[in-house]
Amino acid sequence: MPVLVELKPDWARITFPDSVDGLQTTADYHYFWLRHNCPCLNGCRHSSTKERLIDAAVIPLDIRPLRAVLTADDSGAPAVAFFWAPIAIKDDAGELVVHDTEKEHVSVFPVQWLRENTYAENRRHTHELPPHDAALVTIDYADYVANHATIDGDNRLSSAGAVLYKAALHDRLSKFGVAVIRNRGDNTEDIILDFIDAKAEVIPTHFGRIEHLRTDNTENANNDQLGYTNSAVRLHTDQCYAETVPGFQFLHCIRPADIGGDNYFVHAESAANYLKTEVNRRAYELLTTVPVRFDRKQAKFQALHVSPILRLSDEIDPATSERKLAQVRYSYFTQGAQTNVPFAELREWYEAQQVWDKLLYRDDFQIKAGLQAGDVVIYDNLKVLHARNGFSGPRHMAGVYLAAADLWHHLGQAKQESLKVANI
């Protein structure tokens, strides 16, 4: 077979035609490594000595090629050509300049050279991007009402319909950690019973039993925090300052904002695994080991908890022989002053946090969901980050915390029952 080139989000995979014991050989190459090793004589190598001219310091670490094609080098040997947007390089005076005459920069690598310079051959432990298609996590409650309504047509689900609806929720939350429910209705108390048994209780916090997230809030205590303003709230998990955090939260849209206020989510467990294997393992190690002070200070409430941003469990992943991720605690607005890192190491820790944060704000990491009145979103507060855009207008969201054990018990029963319904 010919050489195969796959452009991944952060690196290229090349499959070579030769094989060992019948298995094809693959190699992965970071894009910044490819751009730095460009063999061209048009600014990257000296025309006579062939020595490198381009400085590694000028290569953006997030660089990506425009495209790649199979071609041949000057000798006619098989090669791979990568096309790049121009970047700023140093001129003879040491100044960074972009050559206006260059529309695209081309790096032609002989296949043999790539084969001889592999540094990630047959890499097995890789991770795909986090889920970022809202359609994957969206359920329309109206569909279940239309197909499984009670006989009197009062827009309530039959018992079979409720089972299938909750089984669908179970599947979305098990796989993606988040589910968006369209057209659920206006009764928050009724929605609670979508997720837990009637005998179970929601988890109250120092804000109250149900949070009414709106700028004119009068129902909740300790509402001197960002959730009750119209400010943007960046990606975070809730209650990081508590010893035990609620496993799930749902937000019920009572009224959307006039402008803005859209919600977005990141499956943080997937993002952390991607950070570890695809981007920066050292950053991952720092985020799993360096303790952080999560310090909630309000006029009438204060709580402190110290934990790494990424907490590992004692459970070992048999595929990698490494500890699995148990919980993400990430909250920039309750993160206290960092005093747990020696002076000479503090910059490295900040850099690790910035690498992590930059990943989270990539479009191909985020699930974006604008909620309308009657819509609900529910998410795993240990594994999924949530955020909202700033807004104007009287936006009103009802927030409810649930215990993970109560939720999985309730939805697990529905999942089992759904198997019987499907066979009727």
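The values are calculated or read from the model by the stated rules, or taken from the named source; none is laboratory data. Remember, it's a predicted structure, so these values are computed and weren't measured experimentally. Reconstructed Cβ throughout: ideal geometry from the backbone, glycine too, with neighbour counts over all protein chains shown.
Numbers below:
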read-out: Test for Val341: is it touching a His at 6+ places or on another chain (Cβ under 6 Å) and either aliphatic (A, V, I, L, M) or exposed (fewer than 14 other Cβ atoms within 10 Å of the Cβ) (or both); value: no
read-out: Within the range 317-356, tally of residues that are outside any strand (DSSP E or B), more than 20 Å from Leu275 (Cα to Cα) and touching a strand residue (DSSP E or B) at 6+ places or on another chain (Cβ under 9 Å); value: 7
read-out: Residues (surrounded by fewer than 19 Cβ atoms within 10 Å (Cβ to Cβ) and part of a loop (DSSP other than H, G, I, E, B)) located in the range 246-269; value: Asp258, Asp262
read-out: Residue within the range 40-54 that is within 21 Å of Asn122 (Cα to Cα) and modelled with pLDDT of 95 or more present; value: no
read-out: Residue ranges of strands (runs of 3 or more DSSP E) in the range 1-111 with at least 1 members among the aliphatic types (A, V, I, L, M) and closer than 21 Å to Asn280 by Cβ; value: 4-7, 11-20, 23-30
read-out: Residue under evaluation Arg124, criteria (1) free of Cβ contacts under 8 Å to residues at least 12 places away in the same chain; (2) within 30 Å of His30 (Cα to Cα); (3) over 30 Å from the mean Cα position of the chain (by Cα), criterion not met; value: (3)
read-out: Flag for Ile196 being in contact with a Leu (Cβ under 8 Å, 6 or more places away or on another chain) and more than 18 Å from Arg395 (Cα to Cα); value: yes
read-out: Where a residue in the range 381-394 is assigned to a loop (DSSP other than H, G, I, E, B) and its partner, wherever it lies, is at pLDDT 95 or above and aromatic (Phe, Trp, Tyr), with Cβ under 7 Å and at least six apart; value: Asn381/Phe248
read-out: Lone qualifier among Asp133, Asp190, Asp194 - being touching a Lys or Arg at 6+ places or on another chain (Cβ under 8 Å) and under 26 Å from Val384 (Cα atoms); value: Asp194
read-out: Residue selected from the range 6-30 under the condition under 11 Å from Thr118 (Cα atoms) and among the hydroxyl-bearing types (Ser, Thr, Tyr), by the criterion modelled with the highest pLDDT; value: Tyr29
read-out: Sole residue being loosely packed, with under 13 Cβ neighbours inside 10 Å and either touching a residue at least 40 places away in the same chain (Cβ under 8 Å) or in a loop (DSSP other than H, G, I, E, B) (or both), chosen from Asp364, Asp314; value: Asp364
read-out: Test: residue in the range 31-40 that is surrounded by fewer than 12 Cβ atoms within 10 Å (Cβ to Cβ) and polar (S, T, N, Q); value: no
read-out: Residues of the range 166-187 classified as closer than 18 Å to His132 by Cβ and surrounded by 17 or more Cβ atoms within 10 Å (Cβ to Cβ), total; value: 7
read-out: First in the range 198-221 and in contact (Cβ under 8 Å) with a residue 12 or more places away in the chain, second anywhere and aromatic (Phe, Trp, Tyr), Cβ under 6 Å, 6 or more apart; value: Ile203/Tyr401; His206/Phe301; Asn220/Phe207
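Residue by residue, here is whether (1) more than 28 Å from Thr277 (Cβ to Cβ); (2) in contact (Cβ under 8 Å) with a residue 60 or more places away in the chain holds:
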site	(1), (2)
Tyr31	no, no
Leu34	no, yes
Pro39	yes, yes
Ala56	no, no
Asp74	yes, no
Phe83	no, no
Ile89	yes, no
Ala93	yes, no
Val111	no, yes
